[in-house]
Structures are given as structure tokens and as C-alpha cells.
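Undergrad: The structure is given below, and queries will be raised subsequently.
Derivation of every value follows stated rules applied to the coordinates shown; laboratory data play no part. This structure is a prediction, so every number in the text was calculated from the model and none was measured. Using ideal geometry, Cβ is built from the backbone for each residue, glycine included, and neighbour counts are taken over all protein chains shown.
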Amino acid sequence: MTKDQKPYTLSCQACGGKLNPKPGQATVRCAHCGNTVAIPAEARGRKPFTPPEEPLEVRLGKLVGGRHDGAAVQLLRDELSLPPAAAGELVELVRLNECKDVARIIKGWMEGRAQRKAIL
Ligand SMILES: [Zn+2]
């Protein structure tokens, strides 16, 4: 393998999501959070190695911590099929907990939501 063919790693700096640039593209927009990522000139036209996506809680914690609230809401809508108001509520909860224990917060919130739905 020559240096030119060495795969490069490409993932979104904001949320850790996968990026799929087309050959020759100079920038690629993250489908998860809308962040625009520059592609190094030497990497254009080559297929990137995209590392496995980080778990949802890690990406959500990064987005909320980085104040990308809109993207955080979008992530929850995409991944958990939450309506906008519910996604916003969960984002707010993660922020109140300073982005700690995000996995536990999501789990607890989803369970609470399921119970509320059962009552209604
Ligand atoms: Zn992203």
C-alpha cells in the first residue's frame, strides 16, 4: 500500500457522526447535525475510512455540551423517532445534568415517557 492509498479517517468533529463525501468534494455536510467538515485536499477523491459511529448518548452529550441544540433535537428525532417537543425536553434534561450520565438520562426519560403514555 502506498502512502496515497492509505485510508484516512473522516467523522464529524461536532457529533462524531459518519460522513459520506462524494469523490472530489471539498467539504461535506454532516447529515446528523448539519456541521460542515472540510476534507483534506490529499484525501479528495479517495474513499474515506469511516470509523464506527459513537453511541447515541456520546453524540448527544457532545452536541448538547457544544450548544448545538438544534442538531441534538434532530439527532433524537432521527434516532429515537421523538416528536420535536419531546426531543427538546430530553435535550434540556441532558443540559440540566451537565451532559453527565447521558445514557442513564435517556433510558430513564424514555421509561417515564412510556409510563405517561400508558396513563393517558
Ligand atoms: Zn455532525
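Undergrad: Using only the alpha-carbon atoms, how far is helix 102-119 inclined from the longest principal axis of the chain? Give it as 0 to 90 degrees, nearest 10.
TA: Roughly 40 degrees, rounded to the nearest 10.
Undergrad: Could you state the angle between the C-alpha long axis of helix 56-65 and the longest principal axis of the C-alpha atoms of the chain, as a value from 0 to 90 degrees rounded to the nearest 10?
TA: Compared with the principal axis, the helix lies near 90 degrees.
Undergrad: Once phi is turned into ³J(HN,Hα) by the Karplus curve 6.51 cos²θ - 1.76 cosθ + 1.60 with θ = phi - 60°, what whole-Hz value does each residue of region 28-38 show in order, with x for glycine and proline?
TA: Running phi through 6.51 cos²θ - 1.76 cosθ + 1.60 with θ = phi - 60° gives 9, 9, 5, 6, 8, 10, x, 5, 9, 10, 7 Hz.
Undergrad: Taking the Cα centre of region 56-119 as the origin, how large is its charge dipole in debye, to the nearest 20, when only Lys and Arg (+1) and Asp and Glu (-1) carry charge on their Cβ atoms? Could you put the intermediate results ahead of the total?
TA: Values: 11 positive and 9 negative charges, 15 e Å.
Roughly 80 debye, rounded to the nearest 20.
Undergrad: Given Cβ point charges of +1 (Lys, Arg) and -1 (Asp, Glu) and nothing else, what value in debye, to the nearest 20, does the dipole of the chain about its Cα centre take? Before the final figure, lay out the partial values.
TA: Values: 19 positive and 13 negative charges, 66 e Å.
Roughly 320 debye, rounded to the nearest 20.
Undergrad: Next up: Eight or more residues apart or on different chains, and alpha-carbon atoms under 20 Å: count the Lys pairs in the chain matching that.
TA: Close lysine pairs under the 20 Å cut-off: 10.
Undergrad: Angle check, please: helix 84-96 long axis (alpha carbons) against the longest principal axis of the chain (alpha carbons), in degrees 0 to 90, nearest 10.
TA: Compared with the principal axis, the helix lies near 90 degrees.
Undergrad: Hey, another quick one. Per DSSP H run of n ≥ 4, the term is -39500 (n - 2.57); total these for the chain, divide by its residue number, and report the mean residue ellipticity at 222 nm rounded to 500 deg cm²/dmol. List each step's numbers first, then the result.
TA: Numbers: 4 runs with 53 residues, N = 120.
After summing the helix terms and dividing by the residues of the chain, the value is -14000 deg cm²/dmol.
Undergrad: By the 4.7 Å beta carbon criterion, which cysteine residues of the chain come out unpaired?
TA: Flagged as lacking a Cys partner: Cys99.
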